[in-house]
Amino acid sequence: MDKLRIRGGQRLHGEVTISGAKNAALPELCAVLLTEEVVTLRNVPRLRDVATMRALLQGMGVRVDTLGQRGGLQLQAAHPLQPLAPYELVRTMRASILVLGPLLARCGHARVSLPGGCAIGARPVDQHIRGLQAMGAEITVEHGYIEARLPPGRSRLRGARITTDMVTVTGTENLLMAAALADGETVLENAAQEPEVVDLAELLIAMGARIEGHGTSRIHVQGVHALHGAEHHVVADRIEAGTFLCAVAATGGQVRLHAARADHLDAVIDKLLAAGAQVQADAGGIEVRSPGGAALQAQSFRTTEYPGFPTDMQAQLMALNCVAQGPSAVTETIFENRFMHVQELVRLGARIRIDGRTAFVEGGQRLSGAAVMATDLRASASLVIAGLVADGETVVDRIYHLDRGYDQMEIKLRALGADIERVA
């Protein structure tokens, strides 16, 4: 099992290119199930989750070809398709539930394993199921599988007005894809507004879908008879960009992030500016300068749905708060169990107290290297940031979590001057 060995104390300088967004690429890979024509995706990140989704689609009969070395994939979901997502693959990646809507819309039936547990808390799929039922699907859950099919005599889902009980990104994406081939109009109320949802909608529009309102809480979809092939460039990963912003803020230095979208990171950038870092953006990316965490001021924040502060950046900014000056309060409202990185940060010398859904951080600590263990994807990133500023050597174990969402992170950090290496 691979680990990262980090020797802290190096400032970061240079430039790095932000990869395509994992949370956009995964639903877009599922969207190819909606047409039998060729779909070409570019800027697809090289991640464990992407490899898992690729294997899942290939098991259904989708042809997947790699185009060069720059993240290009060419996919074709021609007949016949096997509308089955088995537990063996789904259990390793919750985003596999995103095949449910496209398979039901295209094939008229689907058998998809329930995703199972999640380290950071419950991610119920009931909103997906209720939305598809409102569109006419007959769904049962038996023996760990979601069995979905169209009722006798129907060949297509029907449009409906769907209001989800909560804002759900994958739920919005699943229903958006299903609605693209439904009869009539579908209105998604309380829809997720994340940039990755917008990027998926733009791919679907390029494939011939009729969608309006994406990026707002109300999305209108007018179903079409069929979708066609298209070519699409996956949007840059705002969470990878935010992670590098926090890393530079903590270590000090100056780095340009090519392809990063500042308009997708307003809440994060606002906190970094308030802390004392300098962040400038243009059409080509973002540049960040920082004197280092010890010269910054810790910032309190509360996670919430986009465009608020993203839960996927909570752990990274908390790591910065550990070394910045002053106290801060970090409140997590999205997932009930997303403070598992706290005990590992404490091992490095952080002073953090948890009370319910709020972590109280006493900043200004001098961290010291130690062996720590990653518990989930974003927790991994927070431990890397802490290791970059800690005295001595930090070893981060279980970095397969990190590989699920960051494209060659240690290589990019090493190019910026970090003393970091992957060891077996």
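Points worth noting:
- Per-residue ellipticity at 222 nm computed for the chain from its helices equals -9000 deg cm²/dmol, with DSSP H segments shorter than 4 residues left out and the rest contributing -39,500 (n - 2.57).
- In order along the stretch 283-296, the Karplus-derived 3J(HN,Hα) couplings, from 6.51 cos²θ - 1.76 cosθ + 1.60 at θ = phi - 60°, round to 5, x, x, 10, 10, 10, 10, 8, x, x, x, 5, 9, 9 Hz, and Gly and Pro are given as x.
- Label point distance in nm, V423-A55, each placed 7 Å from Cα along Cα→Cβ: 2.8
- Estimated translational D of the stretch 342-384 in µm²/s (Stokes, Kirkwood radius over Cα pairs; 10 °C; 1.306 mPa s): 144
- R366-E393 pseudo-label distance in nm [points 7 Å out on the Cα-to-Cβ vector]: 2.1
- Pairwise centroid distance, computed over Cα atoms, of the stretch 97-113 with the stretch 12-91, Å: 16
- The S217 and Q133 beta-carbon pair, evaluated with R₀ = 35 Å, returns a calculated FRET efficiency of approximately 0.95.
- Candidates M177, M318, M340: whichever shows maximal mean-square fluctuation once the chain is modelled as a Gaussian network with Cα springs under 10 Å: M340
- The length gained on full extension between I354 and R161, counted as 0.36 nm times the residue separation minus their Cα-Cα distance, comes to 65.4 nm.
- Sorted on the mean count of surrounding Cβ atoms within 10 Å across their residues, most packed first, peptides 345-358, 247-260 read 247-260, 345-358.
- Cα-based helix-to-principal-axis angle, 195-206 vs the chain, degrees rounded to 10: 30
- More than 29 angstrom apart: percent of Cα pairs within the stretch 22-233: 15
- Amide H within-cut-off set for L296, under 5 Å, with H built and near neighbours excluded: Q325
- Where Rh is the Kirkwood radius over Cα pairs, Rg/Rh for the chain: 0.98
- Over the stretch 56-172, the reciprocal of the mean inverse Cα-Cα separation, the Kirkwood hydrodynamic radius, stands at 15.4 Å.
- Set of lysines with alpha-carbon distance to K22 below 16 Å, sequence-local pairs under 8 removed: none
- The order of the peptides 124-134, 279-289 by mean Cβ neighbours within 10 Å, most packed first, is 124-134, 279-289.
- Shape category assigned to the stretch 1-54 from the gyration tensor of Cα positions, a/c cut at 1.5: prolate
- For the stretch 22-233, the Cβ-based charge dipole about the Cα centre amounts to some 320 debye (Lys, Arg positive; Asp, Glu negative; other atoms uncharged).
- Candidates L273, L57, L377: whichever shows maximal mean-square fluctuation once the chain is modelled as a Gaussian network with Cα springs under 10 Å: L273
- Listed values for the stretch 402-418 are Karplus-derived 3J(HN,Hα) couplings in whole Hz (6.51 cos²θ - 1.76 cosθ + 1.60, θ = phi - 60°), namely 4, 5, 5, x, 10, 7, 6, 4, 5, 5, 5, 5, 5, 5, 8, x, 6, and x replaces Gly and Pro.
- Summary value for the chain: 21 percent relative contact order, contacts being C-alpha pairs under 8 angstrom separated by 6+ residues.
- Dipole magnitude for the stretch 62-114: about 80 debye, using +1 per Lys or Arg Cβ and -1 per Asp or Glu Cβ, origin at the Cα centre.
- Linear extension gain, D270 paired with D183, 0.36 nm per residue minus alpha-carbon span: 27.0 nm
- Size of electric dipole in the chain: Cβ of Lys, Arg +1 and of Asp, Glu -1, about Cα centre, debye, nearest 20: 520
- What separates the Cα centres of the stretch 200-278 and the stretch 387-424 is a distance of 24 Å.
- Estimated distance in nm for a label pair at T66 and V346, the labels positioned 7 Å out from Cα along Cα-to-Cβ: 4.3
- Global form of the stretch 283-424, assessed from the alpha-carbon gyration tensor, a/c cut-off 1.5: rounded
- Among T168, G9, H214 the positive-end extreme of the charge dipole of the chain (Cβ point charges): G9
- Under 12 Å from K412, Cα to Cα: aspartates and glutamates that are on another chain or at least 8 residues apart: E15, E240, E421
- Length released on extending from D2 to E36, taking residue separation times 0.36 nm less the Cα-Cα span: 8.3 nm
- Relative to the compact-globule estimate of 2.2 N^0.38 Å, the Cα radius of gyration of the stretch 1-91 comes out at 1.36.
- Of interest is the spacing of the C-alpha centroids, which for the stretch 330-369 and the stretch 171-199 amounts to 35 Å.
- Phi-derived couplings, Karplus 6.51 cos²θ - 1.76 cosθ + 1.60 at θ = phi - 60°, listed residue by residue for the stretch 53-68: 5, 4, 5, 4, 5, 5, x, 7, x, 7, 7, 10, 10, 8, 10, x Hz, with x used for Gly and Pro.
- Positive-pole candidate from L84, A137, A178, dipole of the stretch 22-233, charges at beta carbon: L84
No value in this document is a laboratory result; all are computed from the given coordinates. None of the values given here were measured: they were computed from a predicted structure. All Cβ positions, glycine included, derive from the backbone under ideal geometry; neighbour counts span all protein chains shown.
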